[in-house]
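**Q** Submitted below is the structure of interest, expressed as structure tokens.
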Amino acid sequence: MDRFKIRSGVLSSVLFLVSIPIRADTQKATQWTGYPYPIQFEHLSVEQGLSQSSVTCILQDGKGFLWFGTDDGLNRYDGYNFKIYRNNPANHFSVGSNRIRALLEDRKGILWVGTSGGGLNRYDRDRNRFVRYTYDPSRYYDPNKSRGLSDNDVRCILEDRDGQLWIGTDGSGIGRLVWKDPSYTDYSFVAYPIAEEDPRGFNREYVSVLFEDRAGVLWVGTEDGGLVRVTDKTKATFQHYLPDPLNPASSPSNQITSIAEDQEGNLWVGTQDGLAAFDPRTRLFHRYLHNPADVRSLSSSYVRIIFRDRAGVLWIGTDGAGLNKLVLGKHPGSPPEFIRYRYDPAEPHGLNDNSIESIFEDRSGVLWVGTYNGGLNKLILRNSGRNDRERRAFVHYAVKPAQKQHLSHDSVNAILEDSRGTLWIGTDGGGLNQVDPPASPDSPLPFVHHQANSGAIHGLNDNVVTAIGQDSEGDIWIGTFTGGLNRLPRAMIGRPSPSFLKYQYDPNDPGSLSNNFVKSILRDRRGRLWIGTIDGGLNRFDPRTNKFVRYHADDRTPGNLSDNSVFAMGEDPTGRLWIGTAEGLNRYDPDQNRFLHCKSDPDDPASLSSNLVRSIYTDRHGILWIGTDGGGLNKLISGAEGERPRFSHYRMADGLPNDSVLGILEDDAGDLWLSTHHGICRFDPRTEELRNYDRSDGLQGNDFRGGACWKSRSGELFFGGARGFNVFHPSQVRDNPTPPPIVILDFQIFNKPVPVDSRPENGRAALRKFVTEIDEIQLSHRDAVFSFEFAALHYVAPEKNEYAYRMEGLEEDWNYVGNRRFVTYTTLPAGDYVFHVKGANSDGIWNQQGLSLKIHISPPFWKTAWFSGLLAATALLLAGALYQFRVRQLKSREAELQQQVQERIRQVARANKQLSVVNSKLRRMATKDQLTGIANIRLFRSFFYREWRRVVRNQLPISLIMVDVDFFKLYNDTYGHVAGDECLRKVAVTIEKYAQRAGDLAARYGGEEFILVLSEVELPAAAALAEKIRSDVQSLGIAHARSNISPYVTISLGCVTLIPAPGERPNRLLEEVDNALYQSKKDGRNRITVAGLARTAAQRLKTSVTAV
């Protein structure tokens, strides 16, 4: 067993404790995720492609692109790359200045850019260029010309509810643009001087912010003129709010930096001297200032930016003191508090700069924080309550040297919450961590370290903790890598320097622990403590003698343990123990004192999938689950009652992130959570659906430790790994519901980008609009190789966004390509095509509509209609010349030949017409039922087998509905065959109206039987449609006097859905739908029998429902 004698950071612990009575504790269940912890920011700056690290403004446009203004250019971001727009003095269609100060997209989708020194710029999307609107003194002061901009320094832009565009300037007040034509070429600028007479001589025309409140009132923030209310937009009248030293309810400062409105209609005004809440009704200000003695106060009185997110929470960025989140008071009338997020050099995932310039939340729920020196900080907001959206569902704890009481080591091997509510964390080198719940929910978790110390006789004897357990008396048992077992008596818990009792291997004492490498601990329902070791087998502790009973592997004696390295243990509802070893799974019957071995057998598909068992778990239904190393997840499907165990398996091919299942827990909803070497998987045993999570979702990393898992009394789950541990409540792990918009980023011909209006000398087609705006492309046959780059504009985890595409006219099926974002087509025949691309966000939510782009490929001239006509004309001319030559030779036969030719032409025409009629009738007879006019059995089989192959290839569902007219023979006998034929035609028309998609077909199956094919339709939808058909036929009101169940004609239906596995026969579905129809008739007719079949042999989940 030398291959297992490696560092325990690689072999991590397994812990499984059965719930039996322990000494009573009344400790309330702790919500471990409710305590504060550092939120996680991602950082994007110059190293990731941003043009410059000072981000002054942020916007998301209607297409989904993010735009970032900096001091060195404008950036467009697609989640993968930055496209930078800078000023080019030689190009008057470049942006007017590199210093971007304001961004706005108006209701028409036009992007406006305010610059410092370059005036106002309008982005021309079709041409990918900018149109400038600047200050021109000759135009501004000439009464005979339309007045232009008053200043080239545009600080802010606003579109009011009337659609008017307002700008604020750096020195010339505010104004609005009046457009004289829809092309935005001719305009006049109406200036509004807002300054009052100022005896100090200060210029109050420096505008820092424009804001329109919910009532439509325009507010102006100035750099030294205070807050200004525009009382009349047409008459240019204003009301000023200035600070009054004698009035504490006045504005705190003349220097206004930002304005926002909360959900109650109050204005929040940021200034250089504090934050103020302004009530427009009372016109009173309430000030909030930085208080060094109050950690809940604003982190700085210099406020740079205020932003209200989609949940209504206000975020306040300061100059030099980081980011603040405003939290409303806990009690009515209590003042709000501020949660601070500041730069900490010891926190690599914290805020990276304390000077906040801009804040914005995109439509995918990401909060972007632009800083002065650190570029962008990206904070993922959850779809949860308004006060904690910044808290990730997966809370991550790791070593934080800057904190006083942090986790002692990043690698976590074992986790336990004891009966007192204390949390115990075993680490791979940092000893044991004890965490008692803080008294205040605002306090962070305190980690108390218990570590091995050569000078401490009664201390922990090894810092590599591999397993933790609790006995029925409440004592804590700690398994270690080289130090054996340590026991912390209940009475010692909570003492500053507790004494540990030690149990170690003694070669001279057969009642000692069998090996000092303890890998797993289990307390069974009888209260007995079992210890699994590496190379030492299994031990049972006898509290009466304080000794251990050993169970070893011995090939010479049947019924012994299969291997001496015990990695995991569990107990089933019958009280049998299950022991996972390096050489298979063992079932131990304590009454017979015998072990039954379960091992992997390549020739037995129902045997254990791998001999190395890493985790064992019994769910609420008593089902035993086994996690293996390299063999995935195993479910015990038989063998719990004494027969030989049989297993079903789930592996990476079924959706697991990794085939090593290291830990298994069940949440309150019945889902299993599996830790692996590549993240965590949520598995629904009822539907067999899987959802995988990785580091981008907030996990400590992708590599977890075997058995380092625990479910707390509050329902929270703990998983430990190489970089700390995660704790989360499964109910808070929610998918982001926002589907991503899809855009085309690049179009290339022969691997070269095609610019707008490019006109290569060879005459190939060019783009009429910029690539992000095109909806149609004209190509030549010479453009034999062309490619697209595309993106799903969802920014939570762009690297996990997925894509699918197809070229309509060339491909019938979608190509699902994972996170690949480009496709190349070569040598497409001339013709018309439509390129479709769709995408999913990082949680697998698809934008099914996607994006479509028409493509026309013109043929070479020798394949065009005009060239074919020219050839035909030339041939006619030659024929005419030859004919004239023959006429001169055979004048005597001219009349005869003319007559023969004409007659022959008429005969051929008649024959062609007759042949066309006959062919049309034959085609109809070959594919259509002559009586009902719908598809016949021949067309059905061809269509069904083709659709079968397609859904097998794409692993999609296919449904069949089989219909039989009830008591039809009695109907014919009563009303005659003419009425019977008319009845069948009406039923056929009713069924056929539900076969409208390309993947649907209604056919007459024979006699009074019909069948309906529904491709890509799940069972619930197929069953609902079957009920509509049954109801519609009965509603026809066709009288049937001899029916035993209704005075009218009724039908019986069978409905079956299947996701066929590769190699599966289509006749299986036909047999099952026939059986379902038979069941409907057997159960009384005029009803539907519904059945959903298992997808594969390894997924024997079957449901059968009969609906009437």
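**Q** Cα centroid distance between region 1018-1042 and region 944-973, in Å?
**A** 15
**Q** Also: Given the rule -39500 (n - 2.57) for each run of at least 4 DSSP H residues, summed and divided by the residues of the chain, what is its mean residue ellipticity at 222 nm, to the nearest 500 deg cm²/dmol? Don't jump to the answer; show the numbers that get you there.
**A** Working: 8 runs with 138 residues, N = 1108.
That calculation yields -4000 deg cm²/dmol at 222 nm.
**Q** For ILE958, ILE339, ILE579, ILE521, what ranking results if the residue with the fewest other Cβ atoms within 10 Å of its Cβ goes first? If you can, show how the numbers build up before the last one.
**A** Values: ILE958 24, ILE339 19, ILE579 27, ILE521 30.
Ordered from fewest to most neighbouring Cβ atoms within 10 Å, ILE958, ILE339, ILE579, ILE521 come out as ILE339, ILE958, ILE579, ILE521.
**Q** Set the Förster radius R0 to 22 Å, insert the Cβ-Cβ distance between THR974 and SER1035 as r into 1/(1 + (r/R0)^6), and round the FRET efficiency to 0.05. Kindly include the intermediate steps, with their values, before the conclusion.
**A** Details: r = 21 Å, r/R0 = 0.95.
Once rounded, the FRET efficiency stands at 0.55.
**Q** Something else: Please report, in Å, the Rg and the Dmax of region 60-310, where both are computed over Cα atoms only.
**A** 19.0, 62
**Q** Evaluate region 612-751: find the radius of gyration of its Cα atoms, find its Kirkwood radius, and give the ratio Rg to Rh. Mind dumping the intermediate values first?
**A** Numbers: Rg = 17.7 Å, Rh = 16.3 Å.
So for region 612-751, dividing Rg by the Kirkwood Rh gives 1.08.
**Q** Using square roots of five times the C-alpha gyration tensor eigenvalues, list the equivalent-ellipsoid semi-axes of region 789-852 in whole Å, biggest first.
**A** Details: eigenvalues 115, 24, 16 Å².
Equivalent ellipsoid semi-axes, largest first: 24, 11, 9 Å.
**Q** How high is the relative contact order of the chain, in percent, with contacts defined as C-alpha pairs under 8 Å that are six or more residues apart?
**A** Values: 2818 pairs, mean separation 75.7, N = 1108.
That works out to 7 percent.
**Q** Report, in order of residue number, the helices in the chain meeting two criteria: a C-alpha extent of 18 Å or more along the helix axis, and a mean Kyte-Doolittle hydropathy of at least -0.5; treat each whole DSSP H run as one helix. Mind showing how you got there, number by number?
**A** Working: long enough: 865-889 (36 Å, 0.92); 894-927 (49 Å, -0.86); 937-954 (25 Å, -0.66); 977-992 (22 Å, 0.24); 1019-1035 (24 Å, 0.19); 1067-1082 (22 Å, -1.12).
Counting only whole DSSP H runs, the qualifying helices are 865-889, 977-992, 1019-1035.
**Q** Would you kindly work out the equivalent ellipsoid of region 528-590 from its C-alpha gyration tensor and give its semi-axes, the square roots of five times the eigenvalues, largest first in whole Å?
**A** Over the Cα atoms of region 528-590, the ellipsoid semi-axes are 18, 15, 11 Å.
**Q** Per residue, what volume in Å³ does the Cα convex hull of region 838-882 take up?
**A** Values: hull volume 3.9 nm³, N = 45.
Enclosed volume per residue, from the Cα hull, is 87 Å³.
**Q** Return, ordered by residue number, the residues of region 271-298 whose backbone nitrogen is under 18 Å from a label point located 7 Å along Cα→Cβ of ALA215.
**A** In region 271-298, the label zone of ALA215 (backbone N under 18 Å from the point 7 Å along Cα→Cβ) covers 277-286.
**Q** Counting only Cα, what are the radius of gyration and maximum Cα-Cα distance Dmax of region 371-442, in Å?
**A** 16.1, 50
**Q** Here is a follow-up. Take the Cβ-Cβ distance between TYR883 and THR827 as r, set R0 to 56 Å, and report the resulting FRET efficiency rounded to the nearest 0.05.
**A** Numbers: r = 42 Å, r/R0 = 0.75.
So the FRET efficiency works out to roughly 0.85.
**Q** Right, here's the next one. Can you pull the percent of Cα pairs in region 742-859 with separation above 25 Å? Working shown, then result.
**A** Working: 1508 of 6903 pairs.
The answer is 22 percent, as a whole percent.
**Q** Then there is this: Where Rh is the Kirkwood radius over the Cα pairs of region 608-676, the temperature 25 °C and the viscosity 0.890 mPa s, what D in µm²/s does Stokes-Einstein return?
**A** Working: Rh = 12.1 Å.
It diffuses with D of about 203 µm²/s by this estimate.
**Q** If you don't mind, another one. Multiply the residue gap between GLN849 and ARG310 by 0.36 nm, knock off their C-alpha separation, and tell me the result in nm, one decimal place. Mind dumping the intermediate values first?
**A** Details: separation 539, 0.36 × 539 = 194.04 nm, distance 2.51 nm.
Stretched fully, the GLN849-ARG310 segment lengthens by 191.5 nm.
**Q** Continuing with this model, one more query. Just want the ordering: THR864, THR30, THR271, THR927, from fewest to most Cβ atoms lying within 10 Å of their own Cβ.
**A** Numbers: THR864 13, THR30 21, THR271 25, THR927 16.
Listed from fewest to most nearby Cβ atoms, that is THR864, THR927, THR30, THR271.
**Q** On the Cα set of region 1001-1096, report Rg and Dmax in Å, please.
**A** 14.3, 49
**Q** Given the C-alpha atoms of region 215-298, compute the convex hull and give its volume per residue in Å³. Walk me through the intermediate numbers first.
**A** Details: hull volume 8.7 nm³, N = 84.
It is 104 Å³ per residue.
**Q** So what's Rg/Rh here for region 433-551, counting alpha carbon atoms and using the Kirkwood radius for Rh?
**A** Details: Rg = 15.1 Å, Rh = 15.0 Å.
Looking at region 433-551, the ratio lands at 1.00.
**Q** Could you give the size of the charge dipole of the chain about its Cα centre, using +1 on the Cβ of each K and R and -1 on the Cβ of each D and E, expressed in debye and rounded to the nearest 20?
**A** Rounded to the nearest 20 debye, it is 3140 debye.
**Q** Would you compute, for the Cα atoms of the chain, the largest minus smallest coordinate along each principal axis and list the three values in descending order, in whole Å?
**A** 134, 101, 63
**Q** In addition: Can you give the Kirkwood hydrodynamic radius of region 930-1107 from its Cα pairs, in Å with one decimal?
**A** Details: mean 1/r = 0.0611 Å⁻¹.
In region 930-1107 this quantity evaluates to 16.4 Å.
**Q** Using 0.36 nm per residue, how much length does the chain from GLN902 to THR237 gain when fully extended, once their Cα-Cα distance is taken away? Each step should come with its number before you reach the end.
**A** On the way: separation 665, 0.36 × 665 = 239.40 nm, distance 9.24 nm.
Between GLN902 and THR237, full extension yields 230.2 nm more.
Read the figures in this text as sums done on the coordinates, not as results from a lab. Source: prediction; values computed, not measured. Neighbour counts run over all protein chains shown; Cβ positions are idealised from the backbone, glycine included.
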